[in-house]
1. Which residue, Gly124, Gln413, Phe195, has the largest displacement toward the positive end of the dipole of the chain when charges sit on each Cβ (Lys, Arg +1; Asp, Glu -1)?
2. To the nearest 20 debye, what charge dipole does the chain have about its Cα centre, counting +1 at the Cβ of each Lys and Arg and -1 at the Cβ of each Asp and Glu?
3. Distance from a point 7 Å along Cα→Cβ of Asn211 to each backbone N in the range 175-202: keep the residues under 15 Å and list them by number.
4. If r is the Cβ-Cβ distance from Lys60 to Ala33 and R0 is 22 Å, what FRET efficiency results, to the nearest 0.05?
5. What is the calculated FRET efficiency for Arg177 to Lys603, with r their C-beta to C-beta distance and R₀ = 56 Å, to the nearest 0.05?
6. Going from the alpha-carbon gyration tensor of the range 287-334, what semi-axes, largest first and in whole Å, does one get by taking the root of 5 times each eigenvalue?
7. Compare the Cα positions of Ser491, Phe213, Ser758 along the charge dipole of the chain (+1 at Cβ of Lys, Arg; -1 at Cβ of Asp, Glu; about the Cα centre) and return the one farthest towards the positive end.
8. Mind jotting down the distance between the C-alpha centroids of the range 662-700 and the range 767-812, whole Å?
Amino acid sequence: MAETTKQMIKLTIDSIQVEIERGKTILEAAQAAGIRIPTLCDDRRLIPFGACRICMVQEKGKTDLLPSCFTPAKNGMDILTHSPQIMESRRIQLQLILLNHPMTCPRCEKEGECDLQNLVYEYGLNDTQYPWDLITFPPDDDSPLLQRDGNKCILCGRCVRICDEVQGVGELSFTRRGIHTLIDTDFHRPLQCEFCGQCFDTCPVGAITSNCFDHKTKSWELKETTTPCPYCGCGCLLAIGSKEGAIKRISSHHDQGPNDGNLCVRGRFGWDFIDHPERLKSPMLRVNGKLEKVSWEEALRFVNQRLEEIKDRDGAGSIGAMISSRLTNEEYFLLKKLFKEAIGTEQIVLNGDGGDQGLTRGILRTLGFPSSTNSIKEIRNADCIFVIGADPAQTHPIIKNEIHLAIRRNRTQLILLGNHDIDLSRSTQVSPLSPSSIPLLTHPGREVSFLNGMIGFILKEGLENNGFIGAKTEGIELLKAKQEEYLDALSEEERSSVEKASRAYVQSKRSMILIGPGPWSQSTSEEIAIAASNLALLAGHIGKESSGILLLLEKCNSQGAIDMGILSDGLGVETLLKKAGDGNLKALYLIGKDPKLSSEALKNLELLVVQDLFVTNAAKEAHVIFPVCSFTEKSGTYTNLERRVQTLHPLRQPEGQSKPDFEIFLHLLQLMEVPLSGETPEAIFQEIGKTISQYQSIHDGEQWPKGSEYLYGEGFPTGRAKFIPVAQPQSESQPEKYPFSLVQAPSLFYSGKLSLKSENLKKVMKKPCLEMNIEDAQSLKIENGETVQISTQEGEPFKMSVEVSSRPARYIAAIPSSSSLIGKKACWAKVEKLKKT
């Protein structure tokens, strides 16, 4: 794939010749050459600040010292990093920093990994040489997860800058003045933020710590294990510090994985579910109506025998499975052999609604691969970002960071399509040089109409990329035939916003579309993906860096499940459970899932197998329970949403008698006498590479196909990409008494049952509430915080307090996804004030 030509310069640092890209700083040039320049305020994720003055260097033949962190490297420079003048300057600067810093290193949580402590030892300082009366500050011990001690702060500003520049939150700032300057929240209140811990991560001293970690265990006692996060599809790499199998710290390295060293609250603090007391530790079998502990051999043989009996009597179609998106690629591969090849059933569903499957199938039909086209880090260089049906700040926080960086540093245009405005819009408001966001707010089910409307407008105005279309696509005439139909589906008010969004998207040099899970069915997700693909192809925003489509898949290995071909087309959870209720499903195998099973389904199921980490509601009704390992206790690979394959490295032995899902499937296949090429995850991954072409020769950390950070730069697998016109959706008739669309709102602190088993995440989970538009609340005379009753056409009415907000579209009401009061798909509802008694 073609790369942009970079202008390079040459300079000398400590007699070493260095070649670096023009525009880089002296510090970056030194780091590229492996030359260490000490610093306290520098973090490669942040804009240079120059606060600590420890990184001073000198140009040979000159007396002035230069801060290397923000002095641009120039061609022909000859730089010294450790002259006598530089060394003395650093000693003096360290003395000044120590003036108001307590010298309590042995008692500090940061001992052994404190940058200041290391520099003090390196430069031979014992105590400050200047007389000074310490100024003390009150600590913050009231915030959950994070604790702050301003007495240890050196005012490097890294916490303030990462919270603002990377996170876009701005919770911390420099307060007071002069010698009394303190980094704090307004009015020294407890933190009210995303609790990502980025401030804790970047702090070079012990000013910010976390009671979620054991700081009594020192850094030199820790064993570091790198493994991908088990939550969302971003695939952030965790650097886990452990001792004797117990997790003591979690961080991330900037040079590994897609996350640039950043983590969200789930990745940094949500790991403690692995030690939850409800972890299953022994296989169990129902004997005389009661679940009893049994050996693995007895449990496995029982399941094998019952599966064979049911298959022989009722056929393979009477056996089904519901699977988690958090298995490894190797486990999915064996699962496919077990169910599709050995048993012969196609009754396999993933997650609740198949949204991920619908999105990838839509992209497969139009472009050729069922996946995102670009990489996560490319987002920051896009000129226009179009977010559809997602709030990345809640679902994929690392992608939210990338969007924020794009807006702040690249003045990127943000377009939003969905039923909610999102907090990322605020990034455009606080960046005076960035264009305002373009919100296309609508009810669920209208997204395709807006996408089609954008296509119709681009065709009408002749803004399409005819060169790209003629050379690389087919079917444009079919799309042109729909032009008027697409435009006619929009109201006059909608047309104005759509025209503005269309021009911004098509006229940008690099535009990316990000599609989230949304409140849609599987079929609607597929239509949205196809319509978005049509739009990208029309503009020629495919097949180049920072131009394409990123699918925000929900879980850590949603992409892997799709790649392994485990799923059945068109089959969803509701369909499978209905079959059980109707008596057409006799055996159900639940792997990491806990659906609501009706009494009819439980009565009809002759075999219910639950394979899980925890005691679930389904497990209480199961015939057999298989306890499984957590992500810290097994091997294998995950594939993240940008097609990056990453290896899991276990850091401890399985809990109790639990086993990896891999071993359970392996033993069942052996009992069924199915031949296998190997019996380890490594051997099965080799087989995956032989049977799935994209995975051929892929190694840890690489994206498939090999060497492809973005797809379609050299063309499309089928020769040409396909325009597939999407029909205008039929509007669903709205019941007269139910004026609201009730949707699930994603929560940063909730990501399935794993997060509900994390005591750390529970500390920051918000109380469930109903979010309503301000005008809707006013029309119903509902005040913020008031409790209301919500009724739907199905299910019992429920009560919830109201949060009045400007974010939802009119007649949209949102409840947290963690509440489980409705399905993921939007439904009609009415909201009523409670009558006073």
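1. Gly124
2. Charge dipole, the chain, about its Cα centre: 720 debye, nearest 20.
3. Counting backbone N atoms under 15 Å from the label point, the list is 190-191.
4. Values: r = 16 Å, r/R0 = 0.73.
The value I calculate is 0.85.
5. Working: r = 73 Å, r/R0 = 1.30.
E(calc), rounded to 0.05, equals 0.15.
6. Numbers: eigenvalues 99, 70, 24 Å².
Three semi-axes, in Å: 22, 19, 11.
7. Phe213
8. 50 Å
The values are calculated or read from the model by the stated rules, or taken from the named source; none is laboratory data. Note that this is a predicted model, so its numbers are computed, not measured. Reconstructed Cβ throughout: ideal geometry from the backbone, glycine too, with neighbour counts over all protein chains shown. Keep in mind that these areas ignore ligands, DNA and RNA; they rest on the heavy atoms of the full protein, side chains included. Shrake-Rupley method; radii C 1.70, N 1.55, O 1.52, S 1.80 Å.
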